[in-house]
1. Of all residues in segment 198-215, how many are loosely packed, with under 11 Cβ neighbours inside 10 Å and assigned to a helix (DSSP H, G or I)?
2. What residue, among those in segment 112-169 that are among the basic types (Lys, Arg) and surrounded by fewer than 21 Cβ atoms within 10 Å (Cβ to Cβ), is farthest from the chain's Cα centre (by Cα)?
3. Does Gly90 meet the test of being assigned to a loop (DSSP other than H, G, I, E, B), modelled with pLDDT under 95 and surrounded by fewer than 12 Cβ atoms within 10 Å (Cβ to Cβ)?
4. Is segment 44-65 home to any residue that is assigned to a loop (DSSP other than H, G, I, E, B), crowded, with 17+ Cβ neighbours inside 10 Å and at pLDDT below 95?
5. Does Val218 fit the bill of being assigned to a helix (DSSP H, G or I) and either among the basic types (Lys, Arg) or buried (at least 17 other Cβ atoms within 10 Å of the Cβ) (or both)?
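The values are calculated or read from the model by the stated rules, or taken from the named source; none is laboratory data. All values reported here derive from a predicted model rather than from experimental measurement. We place every Cβ from the backbone using ideal geometry, glycine too, and count neighbours over all the protein chains shown.
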Amino acid sequence: MLLTIPNLLNEAQLAKLHEIMQGGEFVDGKLSAGFAAARVKRNEELGQEPERVQRLIRILMASLGHNETFRFGVLPHRVADPIFARYRPGMAYGDHVDDPIMGSNGPRFRSDVSMTVFLNAPEDYTGGELVIRTSFGDNRVKLPAGDAVVYPSSSLHRVAEVTRGERLVALTWIQSYVRDPARRELLYEMNLAREHLLKTAPDADHTAQVDRSYSNLVRMWGEV
């Protein structure tokens, strides 16, 4: 499932992120890439300045924790510390699949879901689309500042070359309670119906049935 999350970050949060990043040192993105990814990766990432990076992470993680679309669409179990990446003219990231196991500098976890948060406006740069390959063809994603997209980490994807301006994004990876993407999609759609029924017909028998079925499917498929 490819799921967009509008307004994950508001204007004040975006302004604060840009303020914190200003003056930070960006380094070659290949330094954080595996062998295969390093061959096709051309970007820059904010260097490991602990105080600066932790301030950025706190802002983003606070928004994720309060966002219902993220919580119910991803069913997050573990979330990696985000990476803040920059693409300037001539930079791109070729076709790749994200590493299946992450956390070389900390607890290891399985990457089920990848997330890109767009940090500047699409009109600020030309190119730079996130291109996700699906069975129905390529899906090209370029969202407003503050919006995010989540998609299975197993998807073949790339970032198109930036030909003008600067593309700024935050990236993170999530281990879900439910590793199978088809099951996560089913649970997300079922929860939308469940939430609607709980608001509009809280005392109805069919609301209780849907609520119980959702809970028991999470119990059946969930891994802790």
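1. The qualifying residues number 4.
2. Step by step, filter segment 112-169, then rank; the result is Arg164.
3. When the stated conditions are applied, Gly90 does not pass them.
4. Checked segment 44-65: no residue is assigned to a loop (DSSP other than H, G, I, E, B), crowded, with 17+ Cβ neighbours inside 10 Å and at pLDDT below 95.
5. No: the conditions fail for Val218.
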